[in-house]
Every structure is written in C-alpha cells, then in structure tokens.
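Have a look at the structure below, then the notes.
The values are calculated or read from the model by the stated rules, or taken from the named source; none is laboratory data. As the structure is a prediction and not an experimental result, all values here were calculated from the model. Glycine gets a Cβ as well: all are built from the backbone with ideal geometry, and neighbour counts include every protein chain shown. Remember, those area values only see protein heavy atoms, side chains included, never the ligands or the DNA or RNA. Shrake-Rupley method; radii C 1.70, N 1.55, O 1.52, S 1.80 Å.
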Amino acid sequence: MEKFVVEGGSRLEGTVKASGAKNSCLKLMAAAVMGDGPSTIGNVPDIADVRTMIEVLRYIGLEVSLAEGELTIKPVESPVLEAPYELVQRMRASVVVLGALLARFGKARVAMPGGCNIGTRQIDLHLRGLEQMGAKLGISHGYVEAEAPRLTGAHIYLDFASMGATENLLMAAALAEGRTVLDNAAKEPEVADLVGFLSKMGARIEGAGTSTIVVEGVGSLKGAEHAVIGDRIEAGTFLLAGAVTRGEVNVTGIVPGHLEMVVEKMREAGCDVEEGEDSLSVSVPGTVKGIEISTLPYPGFPTDLQPQMQVLLTTADGTSFVTENIFDNRFMVVDELNRLGADIKTKDHHAVVRGVEKLSGAPVTATDLRAGAALVLAGLIAEGVTEVYRIEHIDRGYDRFAEKLTSLGADIRRVEAS
Ligand code: EPZ
C-alpha cells in the first residue's frame with residue numbers, strides 16, 4: 001500500500017496537459033470488441049482502470065497491446081463471452097462489455113457489479129433496455145446471463161440519463177435489427193466520443209450530445225482508429241488545484257466547452273478563468289466566496305468534481321451549499337476534510353460548507369478516486385504535512401497525478417504506507 005505525503009503551502013503555477021479521458025477510453029475499449037477487424041485507440045491514459053479493462057478484453061480472448069499511449073485491439077473468432085466477478089468487482093465499468101458481447105455474439109455472461117463507496121450502482125436501466133431489445137436475461141450466481149440471437153431495435157426511455165446505460169444500449173443498438181431510439185440519453189462528451197468511434201466502425205448513429213439518440217442497426221462493424229478526448233474531470237481537478245492554492249494554472253489537451261458549468265461556478269466563486277483553443281487557465285485575483293452547487297447530468301455540474309470543488313469552498317469567505325443529486329453516498333470525503341479543519345455539515349444529499357481561515361495537515365484516507373484527489377488538493381493548502389492513505393483509488397483514474405502536481409510546484413511524495 002502507498003500513501004501521498006503532501007507539504008502544504010505551495011502556490012501552483014504553470015501548465016499541465018490533461019491525459020485521455022478515463023470515462024471515454026474504457027467504453028471505446030469495449031466497443032472495439034464488436035469490430036470484425038483490429039482497432040487502434042490513441043491518447044490512452046496510463047491508469048489502473050485501463051489496465052483492468054485490458055485484462056477484461058484479454059479474458060474474453062482479444063489480443064491487446066499498449067505502447068506509448070496507443071492501444072491495439074484485435075478481435076477473435078471464438079471469444080469467451082464473459083466478464084468475471086473478480087474483474088467486474090475491481091472495476092464496475094466492465095459491465096459495458098455486456099451490450100457489446102450480446103450484440104456481436106448473441107450471448108454474454110457478466111458479473112453483477114458490487115456496490116461501491118459512492119453509493120448503490122444499479123444496472124437496472126441497462127438490463128431493462130436490453131430486454132426491450134429482445135434479450136433474454138437471467139440472474140444466477142451473481143451473474144447476468146444474456147441471450148439474443150439478434151437484438152431488435154426499440155424505443156427506450158431511460159428513467160435517468162445514466163451514462164453507463166446509454167453507452168451499453170448504444171453499443172447493443174449498433175448491431176441490432178432496425179432502429180433504436182434512446183430517449184433521456186446521457187449527453188456527456190464521453191458518450192459523444194463513443195458515438196464518434198462507433199461511427200468510424202460503420203455504425204449509424206444520430207443525436208450524440210442530445211437527449212435523443214437514434215441508431216440504425218447495421219450488419220457488422222469494422223475496426224477503426226480513434227484518439228480519446230481529453231479528460232475534463234482531470235482537467236477540472238488541476239484547475240481547482242490552481243484555485244485552492246491561489247496560484248496560476250493552465251490545463252491543455254481539452255475541449256474548454258466540456259467544462260462550461262465548472263468554469264461558470266469557479267468564476268462565480270471569484271476565480272478568473274481564461275479560455276484557450278484547447279486549454280483553460282485559472283487564477284484568483286481576490287477572495288473566494290461561498291456559492292451554491294448542485295450536481296446534475298451533463299451539462300450540469302459534474303458529480304466527479306463535487307469533492308474537489310468542496311475543497312475550494314472550505315476556505316472561502318462565506319458559506320456554501322452543495323447538493324449531490326447523482327450518487328446517494330458521495331459525501332464520504334467530508335469526514336476526512338473535517339479532520340483537516342474544514343467546517344462541513346451534511347444531511348442527506350446536502351452539505352453546508354462554512355469557510356474557515358485555514359486547514360491543518362493530518363493523516364486522511366481516500367474512499368474513491370475523486371475523494372482521494374480532493375484530499376490531495378486539501379493537503380496542498382493545509383498547514384504542515386497531510387498524508388493521504390489508500391491512494392490506489394487515485395491511481396485508478398489519474399495518470400501521473402503526483403508528477404503533474406510536482407511540475408506545478410507542489411510538494412508531494414509517494415511513499416510506502418507502513
Ligand atoms: C459514469 O458512471 C462514470 N464512470 C462516473 O465516474 C460518473 O460519476 C457517472 O457516470 C455520472 O457522471 C464511468 O464512466 C466509468 P450513471 P455510471 O449510470 O455510468 C444510477 C469517476 O469518478 N443508475 O450515470 O455508473 C446509479 O445508481 C466515476 O470517474 C441506476 O439507478 O453512472 C447512480 O446513482 C465515478 N440504474 C446514477 O444513476 C442504472 O441502471 C449515475 O449512474 C444505472 C445508473
């Protein structure tokens with residue numbers, strides 16, 4: 001086990017480049033399973049979740065190689081149509097192979113994902129949509145057993161604009177017979193990135209980025225080349241690192257428009273944010289003031305930046321109100337922030353953050369990757385030393401997190417945790 005040891009007090013300055021988006025890359029890898037030929041995916045982040053998804057694809061039988069941020073994925077004729085519990089339990093995003101395997105091979109056996117630290121993570125919307133497309137589903141011994149000689153298009157209304165359900169059903173629909181309409185679909189940029197890749201493979205999909213996506217099923221998909229979009233959540237994390245340290249940070253390699261609401265809220269809190277062609281830069285000319293934040297599906301404020309934004313608000317001049325509408329347990333970071341001297345009270349889906357003069361360093365524990373990143377940001381401004389334990393959570397989704405922070409002037413070291 002390792003920990004980060006962070007010495008507070010540095011003002012971050014400089015430029016970092018965001019890596020490829022974790023929450024797109026994992027789905028592109030699943031989509032490659034559906035191709036009749038090899039696919040190449042570029043701008044792949046060097047993170048644990050990508051390595052886990054490589055294990056999933058290799059378990060299925062695909063030939064996967066990764067070199068200098070480029071994945072090559074070669075499909076096979078007789079794959080193992082299964083994603084085992086050990087891998088799904090390690091990374092619930094593995095469930096997106098369900099739609100791909102079912103659509104391409106007519107059968108799939110995927111472990112039900114366990115719960116996780118940020119709340120119940122159902123897949124009922126995924127399963128209901130597949131059933132509407134004619135899949136026969138059963139649950140046995142903790143696995144979803146799915147069969148469908150050929151899926152047929154359907155008009156599916158998602159109760160909630162679920163990212164995973166949208167992606168699983170999109171992939172299933174790409175090879176289904178006829179037309180599928182996905183209503184109340186997720187509009188996240190990562191969904192649009194998946195549609196971009198599927199279209200290059202020969203899929204016929206309209207409406208990406210809107211809440212109604214229409215898919216005309218085709219007979220087969222070929223391999224394709226694609227580069228992952230920049231990671232807006234990693235970028236937002238570094239912008240907030242610059243803001244909390246009252247520094248000047250520029251993040252490149254992104255589509256600025258993907259962070260519109262985050263930029264809006266940072267400006268409302270008193271940050272200066274400049275937009276470049278493929279970059280955003282932040283500075284804080286005066287004081288940071290308290291604001292209200294509500295997490296919502298895109299283009300609303302992203303739940304994946306809620307913990308990091310709370311860190312900025314812990315030392316704001318005033319009180320802030322944070323409402324978490326996406327996950328039912330994503331305030332785990334609050335107890336850890338209060339150990340560092342923050343003054344946050346939570347009740348159900350609401351947190352009241354009263355600004356304090358300063359934070360003071362202490363040992364804290366990461367409960368998920370975004371909470372872990374938030375605790376590092378808090379350590380950057382806490383007086384003295386902050387030790388962040390369970391940083392394997394951070395390694396799941398941040399590519400060279402400490403190295404990038406160090407390049408901006410942070411005092412952070414990765415050491416063995418006794
Ligand atoms: C994706 O998770 C992301 N993960 C999450 O990022 C992100 O927080 C989330 O979307 C919301 O933006 C990946 O892309 C790998 P959802 P996903 O389906 O697809 C409920 C990170 O930190 N729901 O939009 O699982 C569910 O319980 C991670 O990078 C159902 O009830 O999110 C949750 O409360 C964390 N039934 C909410 O919807 C379903 O069938 C959001 O789920 C599906 C979802």
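Just how large is the dipole of the range 1-129 about the Cα centre, in debye to the nearest 20, putting +1 at every Lys and Arg Cβ and -1 at every Asp and Glu Cβ?
Once rounded to the nearest 20, the dipole reads 440 debye.
For Asp411, which sequence-distant residues (separation of 5 or more, or a different chain) have an amide H within less than 5 Å of its own amide H, given hydrogens modelled in the peptide plane?
Glu7, Ser10
Using heavy-atom solvent-accessible surface (probe 1.4 Å) with all chains present, what is the largest-first order of Lys22, Lys17?
Lys17, Lys22
Quote the relative contact order of the range 22-226 in percent (integer), defining contacts as alpha-carbon pairs under 8 Å separated by 6+ residues.
21 percent
So what is the calculated 222 nm ellipticity per residue for the chain, using -39500 (n - 2.57) for each DSSP H run with n of 4 or more, over all residues, to the nearest 500 deg cm²/dmol?
Taken over the chain, the calculation gives -9500 deg cm²/dmol.
Please give me the summed charge of the neighbours of Gly99: other residues whose Cβ is under 11 Å from its Cβ, Lys and Arg +1, Asp and Glu -1.
Spelling it out: positives minus negatives among the neighbours equals +1.
Which of Lys17/Lys358; Lys17/Lys187; Lys222/Lys265 have a Cα-Cα distance over 31 Å?
Lys222/Lys265
Would any residue of the range 128-150 have its amide N under 12 Å from a label point 7 Å out along Cα→Cβ of Asp159? List them or say none.
From the range 128-150, the list is 128-129.
If the only charges are +1 at each Lys and Arg Cβ and -1 at each Asp and Glu Cβ, what is the size of the charge dipole of the chain around the Cα centre, to the nearest 20 debye?
The calculated dipole for the chain is roughly 660 debye.
Quick one: which residues, 5+ away or cross-chain, put their amide H under 5 Å from the amide H of Gly153? H built at 1.01 Å from N.
Glu177, Gly178, Arg179
Using a 1.4 angstrom probe and counting only protein chains, how large is the accessible area of Asp343 in Å², to 10?
So the heavy atoms of Asp343 present about 50 Å² to solvent.
Given H placed on each backbone N at 1.01 Å, which residues far from Glu82 in sequence or on other chains put an amide H within less than 5 Å of it?
Amide H neighbours of Glu82, under 5 Å, 5+ apart: Arg109.
Report the relative contact order of the chain, percent, no decimals, based on alpha-carbon pairs under 8 angstrom and at least 6 residues apart.
Reported relative contact order: 21 percent.
Can you report the principal axis dimensions of the range 157-311 using only the alpha carbons, biggest first, rounded to whole angstrom?
Answer, in whole Å and largest first: 58, 33, 19 Å.
PRE reach from His350 (point 7 Å along Cα→Cβ): which of the range 322-339 fall under 12 Å by backbone N?
Zone members listed by number: 322-324.
Would you mind pulling out the separation of the Cα centroids of the range 322-381 and the range 217-292, in Å?
Their Cα centres are 21 Å away from one another.
How about the range 1-75: which GluC sites (Glu not before Pro) there lie in a loop by DSSP and see at most 12 other Cβ atoms within 10 Å?
Glu68
Mind listing the phi-derived Karplus ³J(HN,Hα) values for the range 218-227, rounded to whole Hz, using 6.51, -1.76 and 1.60 with θ = phi - 60°, and x for any glycine or proline?
These are the phi-based 3J(HN,Hα) values: 10, x, 7, 10, 9, x, 8, 10, 7, 10 Hz.
Restricting the calculation to Cα positions, tell me the Rg (one decimal) and the Dmax (whole number) of the range 128-206 in Å.
12.7, 38
Determine the gain in length on full extension of the stretch Arg11-Arg121; use 0.36 nm per residue of separation and subtract their C-alpha separation, reporting nm with one decimal.
Net length gain for the segment: 35.9 nm.
How much length is gained if the chain between Leu296 and Ala67 is pulled fully straight, taking 0.36 nm per residue apart and subtracting their Cα-Cα distance, in nm to one decimal?
The Leu296-Ala67 span can extend by a further 78.8 nm.
For a label point 7 Å from the Cα of His141 along Cα→C-beta, name the residues of the range 65-86 whose backbone N is under 19 Å from it.
80-86
Report the gain in length on full extension from Met1 to Asp183: 0.36 nm times residue separation, minus Cα-Cα distance, nm rounded to one decimal.
61.1 nm
May I ask for the distance between the Cα centers of the range 28-49 and the range 101-128, given as a whole number of Å?
With the range 28-49 and the range 101-128 each reduced to a Cα centre, they are spaced 19 Å.
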